[in-house]
Every structure is written in structure tokens, then in C-alpha cells.
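Derivation of every value follows stated rules applied to the coordinates shown; laboratory data play no part. Note that the structure is a prediction, hence the values are computed from the model and not measured. For neighbour counting, all protein chains shown are included, and Cβ atoms are generated from backbone atoms with ideal geometry for every residue, glycine included.
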């Protein structure tokens, strides 16, 4: 369990890096849509949908991080009841670090993205 928790900490940082890049590209896409005059309605709708989908996915993954940490907590409690072990203390420390990292990532939002409504 400890290894899984530590692997998740690495994945959180990687995900957050990618999410920041995607949000930056979406912001640039949104700015371009506001400037370009020769964009078909279909292309504009597709771009706006892509921006919304990316934001939704990033938000959903962020929500799931807390759910995952809670699942680890429940699993750790059951493990300690079933088979107490000094390794449980390591897992508990790793879980505490994971929860702290999740809170840090949540406190540093990726980027605000407002959808373009200009026709």
C-alpha cells in the first residue's frame, strides 16, 4: 500500500504539470477565438467544447484525488485491524504526505478558463 500511495504522489505532480499545460493552451485557444474573425460556427463550437471538456476532466481528476486518499485510509484501517504491522505506520505517514500534496495542488488552481461566447 505504501508503494501505491507514493506512486500516486508522483502521478499527482505529473498530472498537475500536464493540466497546467493544457489549461495554458486552452487559454491561448480562447484568446485566439476572441481575435480571429473568420472562424466558422462549427469550428468555434468545437473549440469551446474542447475547452469545456478539458476543464471538466481536470476538475474531475482533482475531485477523485480526495476520494482515492479516503479509500487508502479505509484500506489502511482495515489492514491494521486484520493484521497489525509496523509497515502500517509507514503507510500512514505516506498517506499523510499524499493528503498534504492533494491539498497543495488544490490550493494552486491550474488556470481560470472562461468560455468564449463571441459569435
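Need one number: nm distance between label points at residue 15 and residue 49, each 7 Å from Cα along Cα→Cβ, rounded to one decimal.
In this crude spin-label approximation the distance works out to 2.6 nm.
Using Cβ contacts closer than 10 Å as the measure, can you line up 2, 96 from fewest to most?
In order of increasing Cβ crowding within 10 Å: 96, 2.
Test of understanding: ordering 92, 13 by Cβ neighbours within 10 Å, fewest first, what list do you get?
Least to most surrounded, the residues fall as 13, 92.
So how much slack lies between residue 25 and residue 82, counting 0.36 nm per residue of separation and subtracting their Cα-Cα distance, in nm?
15.7 nm is the gain from fully extending residue 25 to residue 82.
Using a Gaussian network for the chain with springs between C-alpha atoms less than 10 Å apart, which of these wobbles most: 79, 98, 27?
In the Gaussian network model the winner is 79.
Which value at 222 nm does the chain reach when only helices count, each DSSP H run of 4 or more adding -39,500 (n - 2.57), with the total divided by all residues and rounded to the nearest 500 deg cm²/dmol?
Theoretical 222 nm ellipticity from helices: -30000 deg cm²/dmol.
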